[in-house]
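Read-outs throughout are calculated quantities, based only on the coordinates presented, and are distinct from any laboratory measurement. The model shown is predicted, which means the values in this text are computed figures rather than measured ones. Cβ atoms come from the backbone with ideal geometry, glycine included; neighbour counts cover every protein chain shown.
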Amino acid sequence: MNARLGAASKGAYEIAPGIWRMRGWGIGHIMAIDAPEGWIILDTGETTQAAAEMRASLEEAVGAPIRVAAILFTHWHYVNGTGAFLDEGTETWGHELLDANRTAEAGLSPFVGVAQSRAIAQFGVLHPRSGPDAFPNALGFGPEFLAGDRSYQPPMNTFPDGRIVTLTIAGEEVEVAPNRSDTTDSVGFGFPGRKLRVTNFMVIPLIFNIFTLRGGPFRDPTVMIGDARWLESKDAEILLDIHNAPFIGREVLRAAIERSADQLKQIWDQTMRLISRGHDARQAAEAIAMSPGLRGGAELYGQVESHVRAVWNNRRGWFGRDVYDINPLSEREEAARLIDAMGGVEAVQPVG
């Protein structure tokens, strides 16, 4: 999976003059811009140790220590190594909802314990990597997913929700725009002077995960499609998504953006069509039809059928067409009746 996400090996690599990418420390890549007034770092990784290793790798590659003038967060998932990149006078920037979203999902809130335990199950974190008990874990998370020092600090400066703003940061013109993909605080960055765009989970080598098994807020595909179409209209020659290999060239960028948006549009359009035909969530999931060229080999993080159910439930609610679902039997009563139907306790007990 790391190879598909452009992270087959660790290291810092120069994509174009002054534009660097640090890959291989997890599925979220870190970008760095050598700006006129110091370095701009985009995201800081999953742990302080990983961030320190990335910084050392970058400094080794450029042949000198760096001074970090600013840190820009794309969203709250990869902010935990901030301390390793902080220098005297470093500015930090993030969406105005970033700190609140991180607190709700990974801080002190009623949901954190449940979310983390479900994530451990979803990713098979505690399963062995090989052998009969190995988990089919395409993302490759192991026990290290649970450990590691965090040095996150809330951003000193914030971007407004839902607006496009142009700022000068570290002497570099930076355009900040909504990039609403897997979190509501997700933003993308444009560097007009370099014809560069940096995105989060917007242009990826797999079908975007509308619904994660661990739960979390609904990821509205119509919003992401709109943001992707806006991104497609911009004049850029380099696109760096934190979950993908680099895209170089205007036509290459356009084709990649279109593919990601078209995958979501097909899922949305097909689900709306099936709803209009009276299908409930299960029936819609069973009947979904996608172009093989958009679906084949791209279900590495969630299945299309789960995405269909998520869209259906978001638009129509949990109730389908079976009135039994309103007041079903309790699990205990249902189990007792099932055992009776199978001939009683003695008939279903294992022999020996």
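Remarks
- Exposed GluC sites (Glu not before Pro) absent: longest stretch of the chain, with sites in DSSP loops and at most 15 other Cβ within 10 Å deemed exposed: 97-236
- Stokes-Einstein diffusion coefficient of the stretch 11-261, Kirkwood radius over Cα pairs, 4 °C, 1.567 mPa s, in µm²/s: 70 µm²/s
- The stretch 233-294: radius of gyration and largest Cα-Cα distance (Dmax), Å: 15.9, 45
- The Cβ shell under 13 Å around G113 holds other residues with a net charge of +1, Lys and Arg each +1, Asp and Glu each -1.
- Cα centroids of the stretch 198-230 and the stretch 54-124: 20 Å apart.
- 222 nm mean residue ellipticity, helices alone, for the chain (DSSP H n ≥ 4; -39,500 (n - 2.57); rounded to 500): -10000 deg cm²/dmol
- Taking Cβ atoms as reference points and 9 Å as the exclusive limit, the residues near G38 contribute a net charge of -2, counting Lys and Arg as +1 and Asp and Glu as -1.
- Net charge of neighbours whose Cβ lies under 11 Å from the Cβ of R194, counting Lys and Arg as +1 and Asp and Glu as -1: -2
- Whole-Hz Karplus values for the stretch 206-220 come out as 8, 6, 4, 8, 5, 10, 9, 5, 6, x, x, x, 5, 9, 5 Hz, taken residue by residue from phi with 6.51 cos²θ - 1.76 cosθ + 1.60 and θ = phi - 60°; glycine and proline positions read x.
- 3J(HN,Hα) from dihedral phi, the stretch 59-64, Karplus parametrisation 6.51/-1.76/1.60, rounded to Hz, x for glycine, proline: 5, 5, 5, 7, x, 6
- Note that the stretch 33-156, at 10 °C in a medium of 1.306 mPa s, gets a Stokes-Einstein diffusion coefficient of 99 µm²/s from its Kirkwood radius over C-alpha pairs.
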